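Worksheet for the structure shown next.
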Amino acid sequence: MANTIERPLDLLNQSRGKEVLLQLKGEKQIVGTLLAFDIHINIVLSNAREIENGEPKRNIGLVFIRGDTIVYISPAS
Amino acid sequence: MANTIERPLDLLNQSRGKEVLLQLKGEKQIVGTLLAFDIHINIVLSNAREIENGEPKRNIGLVFIRGDTIVYISPAS
Amino acid sequence: MANTIERPLDLLNQSRGKEVLLQLKGEKQIVGTLLAFDIHINIVLSNAREIENGEPKRNIGLVFIRGDTIVYISPAS
Amino acid sequence: MANTIERPLDLLNQSRGKEVLLQLKGEKQIVGTLLAFDIHINIVLSNAREIENGEPKRNIGLVFIRGDTIVYISPAS
Amino acid sequence: MANTIERPLDLLNQSRGKEVLLQLKGEKQIVGTLLAFDIHINIVLSNAREIENGEPKRNIGLVFIRGDTIVYISPAS
Amino acid sequence: MANTIERPLDLLNQSRGKEVLLQLKGEKQIVGTLLAFDIHINIVLSNAREIENGEPKRNIGLVFIRGDTIVYISPAS
Amino acid sequence: MANTIERPLDLLNQSRGKEVLLQLKGEKQIVGTLLAFDIHINIVLSNAREIENGEPKRNIGLVFIRGDTIVYISPAS
């Protein structure tokens, strides 16, 4: 997968339909299935859950996350 | 619903007239019925209530919320 | 009123000449009569008062408020 | 004065040559005579004084204030 | 000097070659001779000194200061 | 390597496929192999690990990091 | 050197290949040799070292520093 990444958005494109971990500013983490993103890095996840200290904390379900609150996005390995 | 989301704003479009939960920066949460939004993610809700620790705290009614204070927006399941 | 809101700025347009509550970043609240606004959500209020813990704290009178300090704007019900 | 305000900048225009109170981010306040402003809400005051807890704290004289540090601007009544 | 200021940048223009006080975000102050500025309010000072509680703290000499860290700029009276 | 750097992005270009250290705002550090970047300094790393006080803390693997959370990027020497 | 500075970026241009001190937001300081910069004030230094309380703390070597974390840049005198 890493071999075909020329631009940063390629990684998001390849992660559509897959589980990702979002690290937000201020220590909040959200995991869920990546449905959509745009150039502002606005993200839609389905089946999203907030994570705290590695433990699931709250089910959010379908969610729109604004790009400017995101630190990083990592596909679940 | 999730099957038809190609771009992040599709989720907001599909949530018009429905109850949504807004997570704001600094732990504030607001729930209400989504009436309108724009590309800056400015939002208008009707029948809005502030939520604190999962409990309703204050009725706000009709409200305009600036996009740049928003962390995420989730349709009530 | 809510029935005729297509875009977020419609709510501000309909609130001209009426009392509104402004929630600013950092817990400050201001109430006053909405005289004018622009696309940056810069706001002019007349007869404005700062509110703290639900109590009036200081009369400000006529005031220009920069949009980027605003969290939400709600017409008084 | 309030009757002739169509756009937010009209209030600043009408306040040229008059005393205004500036509320800055982080509780600092400055009063002075409004000499000039631009669309970024950059402001020049003459005879400016910093105010703390309602008391004058320091004379600044002539001063250029960057718009993005300003919360609100109110003409002295 | 105040009489000829139509736009905020006029004050900076008139202050070239003169001593100015810069108030930065987070209480830092710098004094020095204003050599150059641009529309982003980026500033170059010569003979600059950091000031803390009204006392000189550190000589900086020639320095480029990014505009977005500046609260206000005041010509020494 | 330093001799051929005319513009800042040249350093990132020369670091593709090599190990880099990212210093994020708020003391977080991430090391990994630089796969891709864009003009917003959005970054994709493979084999990324979070570092705390110089010690590896958590494996992240493949990751997209938003540019506006980055303080600096240094190729491992 | 100061005599030939018309615009702020002239100082950075004249400092290429010379030692500079970077003051970052949040008290971090970095010294190093200025190799490159751009209009966003993104900077590349070689032989960079982090400084804390005036003492060298960590060698960074070659480094790309994002402009928006920079408070000021001063050529070593």
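The values are calculated or read from the model by the stated rules, or taken from the named source; none is laboratory data. The shown structure was predicted, so the numbers you read here are calculated from the model rather than taken from an experiment. Positions of Cβ are backbone-derived with ideal geometry, glycine not excepted, and every protein chain shown enters the neighbour counts. Side chains included, ligands, DNA and RNA excluded: accessible areas come from the protein's heavy atoms. Shrake-Rupley method; radii C 1.70, N 1.55, O 1.52, S 1.80 Å.
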* Would you point out the residue of region E:15-47, among those that are outside any strand (DSSP E or B) and polar (S, T, N, Q), that is nearest to G:N13 (Cα to Cα)? => E:N42
* To do: Could you list all residues from region F:35-55 that are among the aromatic types (F, W, Y) and within 17 Å of A:H40 (Cβ to Cβ)?
  => none
* **Hits in region A:46-77 - residues which are open to solvent by 10 Å² or more (accessible area, probe 1.4 Å), within 18 Å of B:E27 (Cα to Cα), out of contact with any helix residue (DSSP H, G or I) (no Cβ under 9 Å at 6 or more places or on another chain) and facing chain B (nearest Cβ under 10 Å)** => A:R58, A:N59, A:I60
* Asked: When you scan region E:47-59, how many residues do you find that are hydrophobic (A, V, I, L, M, F, W, C) and modelled with pLDDT under 95?
  -> 1
* Tally of residues being in a strand (DSSP E or B) and touching a Leu at 6+ places or on another chain (Cβ under 6 Å) across region B:48-69 -> 2
* Structure fact -> Only one of D:V31, D:V63 is of a type in the set (A, V, I, L, M) and in contact with a Gly (Cβ under 9 Å, 6 or more places away or on another chain), namely D:V63
* **Any pair with Cβ under 6 angstrom, 6 or more apart, that starts in region C:12-31 at a residue that is in contact (Cβ under 8 Å) with a residue 40 or more places away in the chain and ends at one that is small (G, A, S)** => C:E19/C:A76; C:L21/C:S74
* Structure fact -> Among the residues of region B:1-27, the number that are within 13 Å of chain C (Cβ to nearest Cβ), over 19 Å from C:Q23 (Cα atoms) and open to solvent by 20 Å² or more (accessible area, probe 1.4 Å) is 3
* Every residue from region E:28-44 that is in contact with a Pro (Cβ under 7 Å, 6 or more places away or on another chain), crowded, with 18+ Cβ neighbours inside 10 Å and not β-branched (V, I, T) -> E:A36, E:F37, E:N42
* To do: Residue by residue through region F:28-45, note down the ones that are at the interface with another protein chain (Cβ under 7 Å from one of its Cβ atoms) and not polar (S, T, N, Q).
  => F:L35, F:A36, F:F37, F:D38, F:I41, F:I43, F:V44
